[in-house]
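Below is one structure, written out as structure tokens, with a few remarks after it.
The values are calculated or read from the model by the stated rules, or taken from the named source; none is laboratory data. All values derive from a computational prediction rather than experimental measurement. Reconstructed Cβ throughout: ideal geometry from the backbone, glycine too, with neighbour counts over all protein chains shown. Ligands, DNA and RNA are stripped out before the accessible areas are found, and what is left, the full protein with its side chains, is counted by its heavy atoms. Shrake-Rupley method; radii C 1.70, N 1.55, O 1.52, S 1.80 Å.
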Amino acid sequence: MDAVTLLRNDHKTVEGLFKKFEKFGPDAQKTKQDLVERIVEELSIHAAIEEQVLYPAARQAVPEATDEVLEALEEHHVVKWTLSELDGMDPADERYTAKVTVLIEGVRHHVKEEEGELFPQLRKAMKRAELEELAQALEAAKKVAPTHPHPRAPDTPPGNVAAGAAAGALDRAQDTGKRTVRRVLARARGHG
Ligand SMILES: [Fe+2]
Ligand SMILES: [Fe+2]
């Protein structure tokens, strides 16, 4: 697999979650919250691996795409702020659906630019073997990427690589803890 295919697959996964979210009405609060939880995780990981691996590689391979990459970083920044507000937000909040809708609009715009401009430029500038190597680097970064948004953390190398791995380890530990608590609570309810 090459890097562009890997990232496009991530985009498809997220778009699938967006479509599901849009299908549910105001009564489906729990379902919407579950979807938002997955959106937060998918987008946090995806943003981190692009910032750590893709964007620095793109700036090197396609110097004329620097402005596009800088704009992409700003779009990520806004997305991560919105994600951080949604992370843990009460789905009964009257702003909840509006916030998700604005997030979806922002991400769709960003994905359109990546797939329409940056990715074709990358495919032109890089050899097949290089794109495959880049995919391996993205896969490796995925394994340690943060699963929650960290909008205040550095988003360019070298700061983001070290901070991202530390945040990723902590996020994953906390995710596991939360899942365990949820299982215990569900079991307690089942027996109660
Ligand atoms: Fe991106
Ligand atoms: Fe992307």
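In the stretch 106-117, the residues that are touching a residue at least 12 places away in the same chain (Cβ under 8 Å) form Cβ pairs under 7 Å with partners that are among the hydrophobic types (A, V, I, L, M, F, W, C) and open to solvent by 60 Å² or more (accessible area, probe 1.4 Å), at six or more places apart or across chains, as follows: G106/V78. Mind listing whichever residues of the stretch 12-35 are surrounded by fewer than 16 Cβ atoms within 10 Å (Cβ to Cβ) and in contact with a Lys or Arg (Cβ under 6 Å, 6 or more places away or on another chain)? Residue satisfying the conditions is F24 alone.
Within the set E114, E132, E94, the sole residue that is of a type outside the set (S, T, Y) and within 16 Å of ligand 2 (Cβ to nearest atom) turns out to be E114. Looking at I49, is it within 12 Å of ligand 2 (Cβ to nearest atom) and within 29 Å of K178 (Cβ to Cβ)? Answer is yes for this residue. In the condition set (1) touching a residue at least 12 places away in the same chain (Cβ under 8 Å); (2) more than 16 Å from ligand 2 (Cβ to nearest atom); (3) open to solvent by less than 50 Å² (accessible area, probe 1.4 Å), L6 is compliant with all but (2).
Is there a residue being assigned to a loop (DSSP other than H, G, I, E, B) and either touching a Leu at 6+ places or on another chain (Cβ under 9 Å) or within 12 Å of ligand 2 (Cβ to nearest atom) (or both) anywhere in the stretch 10-24? Full working, then the answer.
Just the residues of the stretch 10-24 that are assigned to a loop (DSSP other than H, G, I, E, B), to begin with: 24.
Next cut, either touching a Leu at 6+ places or on another chain (Cβ under 9 Å) or within 12 Å of ligand 2 (Cβ to nearest atom) (or both) only: 24.
There is at least one residue in the stretch 10-24 that is assigned to a loop (DSSP other than H, G, I, E, B) and either touching a Leu at 6+ places or on another chain (Cβ under 9 Å) or within 12 Å of ligand 2 (Cβ to nearest atom) (or both).
Checked against (1) away from ligand 2 (no atom under 16 Å from the Cβ); (2) within 14 Å of V107 (Cα to Cα); (3) among the hydrophobic types (A, V, I, L, M, F, W, C), A28 meets all criteria but (2).
Among the candidates V102, V79, which residue alone is within 12 Å of ligand 2 (Cβ to nearest atom) and either open to solvent by 80 Å² or more (accessible area, probe 1.4 Å) or closer than 20 Å to A167 by Cβ (or both)? Spell out how you get there, then give the answer.
Working: V102 fails: within 12 Å of ligand 2 (Cβ to nearest atom).
One residue alone meets the criteria, V79.
Looking at the structure I just gave you, is P91 away from ligand 1 (no atom under 16 Å from the Cβ), of a type outside the set (A, V, I, L, M) and buried (at least 17 other Cβ atoms within 10 Å of the Cβ)? Criteria met by P91. Considering only residues that are within 15 Å of ligand 1 (Cβ to nearest atom) and under 19 Å from E64 (Cα atoms), which ones fall in the stretch 121-142? Q121, L122, listed by residue number. With respect to being open to solvent by 60 Å² or more (accessible area, probe 1.4 Å), part of a helix (DSSP H, G or I) and closer than 15 Å to F21 by Cα, V107 falls outside the description.
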